[in-house]
Amino acid sequence: MSSEKLNEDALLQNKLDKIRHTYIVLSGKGGVGKSTVAVNLALSLSLRGLRTGILDVDIHGPSVPKLLGLTGMRAGVSDEEIIPIEIYGQIKVVSIGLLISSNEQAVIWRGPLKANVIRQFVQNVAWGELDALVVDCPPGTGDEPLSIAQLVGKKASAIIVTTPQLVATIDVEKCITFCRQLELPIAGIIENMSGFVCPHCGKEVDIFSSGGGQNLAIAYNVPFLGSIPLDPDIVKSGDAERPYIYFYPQTKTAQRFDEIVEKITSIKEIWQASGGDNITVANITVDKEKIDNKEDGGNGIMRFAVPTYGGKLCAHFGHCEAFALIDTDAKGEIVSENHITPPPHEPGLLPRWLSEKGVNCVIAGGMGSRAQQLFAQQGVKVITGAQGEDPKELVEQYLKGLLKTGANTCDH
């Protein structure tokens, strides 16, 4: 390998080391509002105080500059680095639309050229320290998504955008397969244009049907992040180049974006961004040491919890009669198994109770989305859709990477 290539790889790695996490926004087909979702998710992240970047890798049809009111503006260059345009004080933006000579100019490139410029958008951009980088990709699973996914490595996850109709969700299945083949974690699926918000009465009515994104998430055992309605104000804000989250912050749709960001941003990531020992998220104080210990149980030991009924895996987490607590050592071998009876069921009680018992991971058949959120706040990993009966065998299969999962059997 030449010294020039080594220097380029070192420069790329240096830039990646300064970006805590990357969210790659994908869609199976065009016209689902992916760029609008990407921009408003980035804005929501920044409003939480996170240093945020937006990278538009849609080479042939960049939409991010218009959605952010940057039409006609051009990114600068200094010391052989592209200088992102910075808006609202803390959001850095890079797009091919900010580099070409005019908005009408067509970019006619083949794959290798596109892959090279995408690499430059990471390697040769003055991103600085970022807590989150949101990448807006063109539809499909072609050169651009493949290039960015291979570049950013392990500190990335995919957010897949769909609309409710079957024709859209069929193409989303290809995105899920794409992510799994690349070993790119999926943060979740967002169903956009899910219902219509009447501008007069505020009532939400299904036009294109609803639930397609959620059903797909259940079928493929990936998180469902939420539904965003078809809001006329989103269309107006895009055409007027007025970022929706900033100009319509009190709307129901803006709250949906915030709820989605709450789900995709883990407690540990927010703590890392804060740089402090303790933080408060959603009115819950989180201790840094507790989070670190939760990661591996301390000294490599893990404690699993499996909800059971009659000694077998219970299909519904909240209806179990006992939990099997299974401990493993640093070598990943089971060292003990105990069954304990939970306290009388109350909303929100079990996640806190199991966390206090030192549980790091819950393997369940079905679990509601609210319970999953509460476990995330406690730093406890959740596996849903587990298939099997014996708790010990389920843990053994998980440790070997052989655990079979299917649909989350709870729709709460």
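Only the coordinates and a few stated rules stand behind these numbers; no lab work does. Quantities reported herein were computed from a predicted structural model and do not represent experimental measurements. Don't worry about glycine lacking a Cβ; one is built from the backbone with ideal geometry, like all the others, and counts go over all protein chains shown.
So here's what we get for this one:
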| item | result |
| --- | --- |
| Per-residue ³J(HN,Hα) for the range 250-264, Karplus 6.51 cos²θ - 1.76 cosθ + 1.60, θ = phi - 60°, Hz, x for Gly and Pro | 8, 6, 4, 5, 4, 5, 4, 4, 5, 5, 5, 4, 4, 6, 7 |
| Built amide H within the under 5 Å cut-off of Ile82, gap 5+ | Val125, Ala126 |
| Length gained when the stretch Ile100-Asp17 is fully extended (0.36 nm per residue, less Cα-Cα span) | 27.0 nm |
| Per-bin percent of Cα-Cα distances, the range 297-399 [5 Å] | 3, 14, 27, 28, 19, 8, 1, 0 |
| The range 297-399, dipole about Cα centre (Lys/Arg Cβ +1, Asp/Glu Cβ -1), debye to the nearest 20 | 340 |
| Estimated Rh, the range 3-265: Kirkwood, alpha-carbon pairs, angstrom | 18.6 |
| Vicinal HN-Hα couplings computed from phi for the range 223-235 (Karplus, 6.51 cos²θ - 1.76 cosθ + 1.60; Hz; Gly/Pro x) | x, 9, 7, x, 10, 10, x, 7, 10, x, 5, 5, 5 |
| Rounded FRET efficiency, nearest 0.05, which uses the C-beta distance separating His60 from Ser2 and R0 of 35 Å | 0.65 |
| Low-density loop cleavage sites - GluC sites (Glu not before Pro) in the range 1-100, where at most 14 other Cβ are within 10 Å (DSSP) | Glu80 |
| At R0 = 35 Å, FRET efficiency that the Cβ-Cβ distance of His345 and Leu402 yields, to 0.05 | 0.65 |
| Positive-pole candidate from Val57, Leu113, Val235, dipole of the range 3-265, charges at beta carbon | Val235 |
| Cα gyration tensor shape of the range 8-134, rounded if a/c is under 1.5, else prolate or oblate by comparing a/b with b/c | rounded |
| Sparse-neighbour loop sites [trypsin sites (Lys or Arg not before Pro); the range 1-103; at most 14 other C-beta within 10 Å; DSSP] | Lys18, Arg74 |
| Amide H within-cut-off set for Thr22, under 5 Å, with H built and near neighbours excluded | Leu133, Ala156, Ser157 |
| Positive-end residue, the range 297-399 charge dipole about Cα centroid, Cβ charges, pick of Pro347, Gly385, Ala305 | Pro347 |
